[in-house]
Each structure stands twice: as structure tokens, then as C-alpha cells.
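The values are calculated or read from the model by the stated rules, or taken from the named source; none is laboratory data. Predicted model, so just to flag it, every value in this text is computed and none were measured. Cβ atoms come from the backbone with ideal geometry, glycine included; neighbour counts cover every protein chain shown. Side chains are part of the model used for accessible areas, which takes the heavy atoms of the whole protein and leaves out ligands, DNA and RNA. Shrake-Rupley method; radii C 1.70, N 1.55, O 1.52, S 1.80 Å.
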Amino acid sequence: MNGDSTSEKTAPTAWRRERGSVSLPEVHGSILVPRHFPFWRKMWAFAGPGFLVAVGYMDPGNWATDLSGGAQFGYTLLCVIMISNLMAILLQHLCIKLGIATGRDLAQACRDHYSTPTVWFLWILCELAIAACDLAEVVGSAIALQLLFGIPLVWGCIITALDVLAVLYLQHKGFRYIEALVATLIFTIGACFALELFFAKPNLTQVMLGFIPSSDVLKNQNMLYVSIGILGATVMPHNLYLHSSIVQTRKYEDSPEGKREAIKYATIDSTGALMFALFINGAILILAAAAFHWSGHQDVGEIQHAYKLLKPVLGVGAASALFAIALLASGQNSTLTGTLAGQIVMEGFLSIRLRPWLRRLITRGIAIVPAVCVIGAFGESKTTDLLVASQVALSMQLGFAVWPLMRFTGERSKMGEFVNPLWIKILGWTCALIIISLNVKLLLDTFLPAPVLKSIYGILGLTTPS
């Protein structure tokens, strides 16, 4: 991994182009993993990247979709959160395998495999996904600043651009500092929601039943829209590029045994972090369902509205403050991984290196401009709609990241002995087809005229979505 390319020695024709520079060169292989460490010390050495990836699974975009889903439909969409999280665990494992086995992150693998027009197409889609995610971070942080300090949303959006200074400082100090800050903020969010659930006292039996999949998710157009938003907010396309790169910050032994061990420990790290993200997402939806769905507030879909109602509905003064603190921690946390993802994608697809501060300002500008325009034109009441729409946009682009990931990790010429076994191929392609099919269904249900849609569903013997 430190210069030798075992994969290319054994399979020189596997890639269209030779491997270029390593991913994130300033921190590549910067964290030593001694061969003779005992299990727990190795586990500690590999711990960190999973939490950076998990940040994207609990960003402010999740809040909007989870709040809306819980308030409107009770605990029904818990099954969507669970299925999305299981998909995420599998897909992030494949990202780990790709990065460690080939020495390429997903963006570099796309560049080295596809033709130039395809590479540019995939890069543009990924940049749009990062912009949509950054939009959610900007709006979420601005809402939290407004709730806690009364700062107008437009100014809050502009203030969030200053977080680039914190990102640059942490990158200069070392990758472990970024991981430590991210983990601290994640556990802050978790503690806040643990207290919120204690205050809300949800019905545990109904909560457990919510994890059982329901056909209503596909039949109800509104439920499907929110469900795909949850999917887009949970399995995020840029996270696939991010994870395949940051897993290479560990300096493990460049041999089949060393890579196999690295994949094992990195997968444990990733799975544990994503299970914590499942708790956060589930807690948001459960809180919304327990507080609003059965109290006559099913129309609660805005974060600001939920903040104002939590105190009177739950009868606990601290409930609203904890909610806002967790939201601010979530928004600020997401900016760290957004910075890294933007750098990885641009360098990986196009081999273009920009200074981190310039890359961050560009992505923040792309997010801030539409946020300020929408808030200025339609008022602050449209911010949650903007968050939900950004997550649906993310979901629409998932297939274009999942497809190459499944293809690369399923080719023995690229992966060697680390190629996906048959059962993972089946599970992975099933996930990809579910994602793509749900997105196609949403597009048809949204844009086709009602008579045409009714005819199509009639031919298929299905009930037209409500």
C-alpha cells in the first residue's frame, strides 16, 4: 500500500489506467498499526473512520425526514431506517474492501476504469450529491443557531461558512484529532437523544412492531416520498467515496494477510459506528412519533416547529434545548466529512488538487447560495422542505455510486482473492436494484399524469398510490 501495487502486478490489464497518486496524500498511511499488537490495541488503531462515515448517517437531512416520518406515520417507517442501515453496513464494508485490496478509493477506481466522458458524468453527479448534503448541513446548523441564539437563518447560513477554519486547523494537527472531535460530537448527540427518549416514554411494543416492514410504504405516495428521503439521508453516495479513501490512513502490512486483517478490523469499526447511527436515526423518528403523532400534531414536519412543541408536549423544560444542541452538533460534525469527501472526489475523478480552504469555500458557496435564495424568496417556513428535497436528491444519485462499487468489488481481475463471494454479490446487487427501483418508482409517481399512472398500475395489477 506504500507504493507497491500488488493488484496491478498480478493483473496488469485489470484497469484502463495505471494507478496514480494515493488518496489524501497528506494523511495516507499516517496511523501505524504494528503487526504484533493484541486484538484490542489493533481495534483501537483502526477505530475512527467508521465514525467519520457514520456522521453522514445522522446529519440534519436525516432529522427532517425522520421527524416528518414519525409525526405523519408513527413508528411505521422504523423499518425503512433499519433496512437502510443494513444496506449501509454492507455497502461500507465493500468500500473498505475496495480501498484496501486495490489501493484505490472509489473515485480513483472509476477514473481508472471508465472512459473520460463517463468519469466526468459520474464526477458531476457526485459533486451534486455533495452539494445537496452540504445544503442540509448549512440549513441544519443555521436552524440550530436560530433556535439557540435567535440568529436569523440567512445570517446563520453565512456564519456556517466560517467552519472551514476549524477544518483546516484539525487537518494540520493530524487525522486522529478530526476523528476524536467527530466521536465526541456523535456521543453528544447520542446522549441528548437518550434523554429525549427517557422524557418521551414511547410504547416499546409499538416501537418493535415498527421495525416490521409494511406494504403501506410502497402504496402511499407521501410515505414513499419520505421513505426515499430517509434512504437518501441514510445511504449517502459521497460516503462510499469517503470511506474507501480514509480507510487507507492506516499503515498496515502490504500483504494478503495484512490486508485481510485490515478489512476485518475496519469492518468492525464501521459496523459498530453505523449501529450507533441507527440508534440516533431511530431515536429521532421515535421521539417525533411519541411526541406528535398521537397528540394531534401529525402535521409537524419542520425542525423549528418540533423544537417549540417538545417542551409543552413532553412537559420537560430541557427537551427543546437538548434537541437544538444535538442539531448543532450534528450540523457541525457533518462539515468535517463534507470537506474530506469533496477533496477525495475532485482529486480521485479528475486528479485535480486544490488547497483545502479553497475546495471547502467552493462547496460551501454551492450550498449557501440556494439556501439563502430559497429562504429569502419563500421565507423560513420552507427550510424543512429544502432539507427533505435535498435528501431525495441524494437518493436519486445513489445508484450511480453503488453500481460501480458492486462491479469493481465483484471482479476477480481487480480484487484478486478479495473478490466478493456469491452471497455478497447477491445481497449487494439486490440492494442496488432496490435503490434504483424505488427511485424510478418515485419519479414515475411524481411526474407522470394521473391517468397514465393509473393505467400502468392497472396493467401490473397494483393499487395506484394515494
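Inside segment 303-321, can you point out the residues that are open to solvent by 60 Å² or more (accessible area, probe 1.4 Å) and under 26 Å from the mean Cα position of the chain (by Cα)? Passing the criteria: only 305. Name the pairs: first residue in segment 409-434 and closer than 22 Å to residue 105 by Cβ, second residue among the charged types (D, E, K, R) and surrounded by 19 or more Cβ atoms within 10 Å (Cβ to Cβ), Cβ to Cβ under 6 Å, at least 6 apart or on different chains? Every condition considered, the pairs that remain are 409/97; 418/97.
For segment 419-443, the candidate set comprises residues that are buried (at least 19 other Cβ atoms within 10 Å of the Cβ) and not aliphatic (A, V, I, L, M); within that set, the residue that is modelled with the lowest pLDDT is 439.
From the list 359, 364, the lone residue that is modelled with pLDDT under 75, under 21 Å from the mean Cα position of the chain (by Cα) and surrounded by 23 or more Cβ atoms within 10 Å (Cβ to Cβ) is 364.
Hey, among the residues in segment 10-20 that are of a type outside the set (Asp, Glu) and at pLDDT 80 or above, which one's most open to solvent (accessible area, probe 1.4 Å)? Reasoning before the result, please.
Step one: list which residues in segment 10-20 are of a type outside the set (Asp, Glu), which gives 10-17, 19-20.
Adding the requirement that they be at pLDDT 80 or above leaves 14-17, 19.
Values: 14: 12, 15: 22, 16: 150, 17: 76, 19: 51 Å².
Restricting to residues being of a type outside the set (Asp, Glu) and at pLDDT 80 or above, the top hit is 16.
Picking from residues in segment 170-179 that are part of a helix (DSSP H, G or I) and touching a residue at least 12 places away in the same chain (Cβ under 8 Å), the one that is most open to solvent (accessible area, probe 1.4 Å) is 176.
Checked against the criterion of being open to solvent by less than 20 Å² (accessible area, probe 1.4 Å) and either within 20 Å of residue 101 (Cβ to Cβ) or touching a Phe, Trp or Tyr at 6+ places or on another chain (Cβ under 8 Å) (or both), segment 34-41 contains not a single residue that satisfies it.
As a summary of the residue check, residue 184 satisfies the conditions (1) modelled with pLDDT of 80 or more; (2) crowded, with 19+ Cβ neighbours inside 10 Å; (3) more than 18 Å from the chain's Cα centre (by Cα); (4) of a type in the set (Val, Ile, Thr) except for the one numbered (2).
In segment 187-302, counting only helices (runs of 4 or more DSSP H) that sit wholly within it, the ones holding 1 or more residues that are within 20 Å of residue 95 (Cβ to Cβ), in contact (Cβ under 8 Å) with a residue 40 or more places away in the chain and open to solvent by less than 10 Å² (accessible area, probe 1.4 Å) span 221-234, 237-246, 256-288.
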